[in-house]
Amino acid sequence: MEILKRETDYALRALHLLDQGECTDTMALARDCKAPLASIRKIMKKLANDGIVKAVRGVQGGYLLAMPSRRISLGRVVEVIQGPVYMNVCNRKGYACPYSGKCPMKGSVCILQKRLNDFFNKTNLAEIYKQPKKRKGKS
C-alpha cells in the first residue's frame, strides 16, 4: 500500500528543486526529478492553481515557490495533488458504515487517521527537505 502516490512524489521533488530559489521550467524539473514531462506539467498547473507556486512567463520563464517552503505543509501538497488520504473508507465524510456502532476497530482507526492528518498538516516542506544528520558509527 502506498500512502503517497507517484505524482505526489514528483511534486515534492519538484518543490524541493524550486526551494533553491531559481525560476525553473518544466523541462528542467522533469529532467531533474526523473519524471515524465506531461506529469510535471500537470502537477505544476495544480500547484499554481492552489497558489503553492507561481508561473513566470517569457523566455526565462518557469516556476517559483510562491512562499517559503516552511509555510507549505505536506498535507496541503498531498491534498492538491492526490486528494485527501484516508486510512479506511469509514474515515471519509458522509460514508455510511454497515458496521456502525458495532465496529471494534473504529476507535483505533480514527486515532490513526488523526495522527496521520496531524503529521501531514504540521510538517512543512522545509522540515522534509532537511537531510537527517548521520549518527557517529552509523552509516
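Where a number appears in this text, it was derived from the coordinates with a stated rule and is not lab data. Worth saying up front: this structure is predicted, and the values here are computed from it rather than measured. Every residue, glycine as well, gets a Cβ built from its backbone with ideal geometry; the counts of neighbours run over all protein chains shown.
Potential lengthening of the chain between F119 and Y86 amounts to 10.6 nm, from the contour at 0.36 nm per residue minus the alpha-carbon distance. Short-range pairs are left out: with C-alpha atoms under 8 Å and at least six residues apart, the relative contact order of the range 6-129 is 27 percent.
With neighbours defined as other Cβ atoms within 10 Å of a residue's Cβ, the residues M44, M87 order from fewest to most as M87, M44.
Fewest Cβ neighbours within 10 Å first, please rank K122, K102 accordingly.
The order, fewest Cβ neighbours first, is K102, K122.
Using the C-alpha gyration tensor of the range 6-129, what are the square roots of 5 times its eigenvalues, in whole angstrom, with the largest one first?
Equivalent ellipsoid of the range 6-129: 35, 14, 11 Å, largest first.
If each residue's Cβ is checked for other Cβ atoms within 10 Å, how do D32, D118 rank with the fewest at the top?
D118, D32
With Cα atoms as the point set, the radius of gyration and Dmax of the range 53-95 evaluate to 15.8, 49 Å. In the range 6-129, a dipole from Cβ-located charges (positive for Lys and Arg, negative for Asp and Glu) runs towards its positive end, and of I81, Q113, A48 it is Q113 whose Cα lies farthest in that direction.
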